[in-house]
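I have placed the structure first, in the form of structure tokens, so that the comments after it can refer back to it.
Just so it is clear, none of the values below were taken in a lab; they were calculated from the coordinates. Every value quoted in this text rests on a predicted model; they were computed, and no experiment measured them. Every residue, glycine as well, gets a Cβ built from its backbone with ideal geometry; the counts of neighbours run over all protein chains shown.
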Amino acid sequence: MELVRAFPPTRHSALAALRSGDACERARALATLASVYWRPVYSYLRLRWKRPHEEAADLAQEFFAALVEQHLLDRFDPARARLRTWLRVCIDGVVANHDKAAARQKRGGGAALVQFDFEAAREEVERLPAESPETRFEQDWARGVFAMALDRLRDQCAASGKAGHYALLEQYDLGPERMTYAGLAARHGLSVADVTNRLFRVRRELRRLVLEVLRELTASEDEFREEARALLGESAG
């Protein structure tokens, strides 16, 4: 099946919105980008640049502010690199400039929008076995995309009166111990067939939302297809 079949072609690009003259649009775009990339950026600063926790958290905030204030994405060319590759280049530049200044500058504007659980990220970086900064960046990127899609799915299910559908997904696919379909049916007062059908529908919607997030965070159709293949392991046809 073609990867993007039946998927709306409309692109609500966060990258374009970051260059908007509308402050609200820029804020929305920065929040979207940061929600997916804050953990990869933080981990990369810890592993590649060997920065201690507090400095890495501050530099991550500084990086997202710089994306807007210094128009770092204006030079991004999707024909030459993926966005996540370019962002690592931008991180390196922000760190180099920070070190040259020899003192952290407090920035306003966009940085205030980026408030995430750096303490939890710190525990993972310091607890998990050492690996390359690039590998951890890729893993955290994938995690961020799915996390945003799951947040949207949960809110969507709640708004449409289908919170139970999300609960089935959470208990079967996301929990520490996978329940059986029969166990889920008994817990929720459903037939096994109902559990099967609801899980199919909610997984299909999750996939659509994952693609939606990827569309927002890519600058071209080719990049979108490449990132979808990298994340979902499917052929674009």
| task | Just need the relative contact order of the range 14-232 here, percent rounded to a whole number, with Cα pairs under 8 Å and 6+ apart. | result | 25
| query | Between Thr135 and Ala101, what is the spin-label point distance in nm, taking each point 7 Å from the Cα along the Cα→C-beta axis? | reply | 3.4
| query | On full extension of the chain, what length is gained from Asn197 through Glu54, given 0.36 nm per residue of separation minus the C-alpha to C-alpha distance? | reply | 46.8 nm
| remark: Stretched fully, the stretch from Glu177 through Arg207 gains (0.36 nm per residue minus C-alpha distance, one decimal, in nm) 8.6 nm
| said: Based only on other Cβ atoms within 10 Å, what is the fewest-to-most ordering of Thr32, Thr196? | reply: Thr196, Thr32
| How would you rank Arg39, Arg152, Arg127, going from fewest to most other Cβ atoms within 10 Å of each one's own Cβ? | Arg127, Arg152, Arg39
| remark: Connecting every pair of Cα atoms under 10 Å apart in the chain and solving the GNM, the largest mean-square fluctuation among Arg75, Arg204, Arg28 falls on Arg75
| Sparse-neighbourhood loop sites, GluC sites (Glu not before Pro) in the range 131-201 - DSSP loop, at most 15 other Cβ within 10 angstrom | Glu131, Glu177
| Cut-off 18 Å (backbone N to label point 7 Å along Cα→Cβ of Asp151), residues of the range 14-33 | 14-15, 17-18, 24-33
| note | Rh (Kirkwood, all Cα-Cα pairs) for the chain, Å, reads 19.4
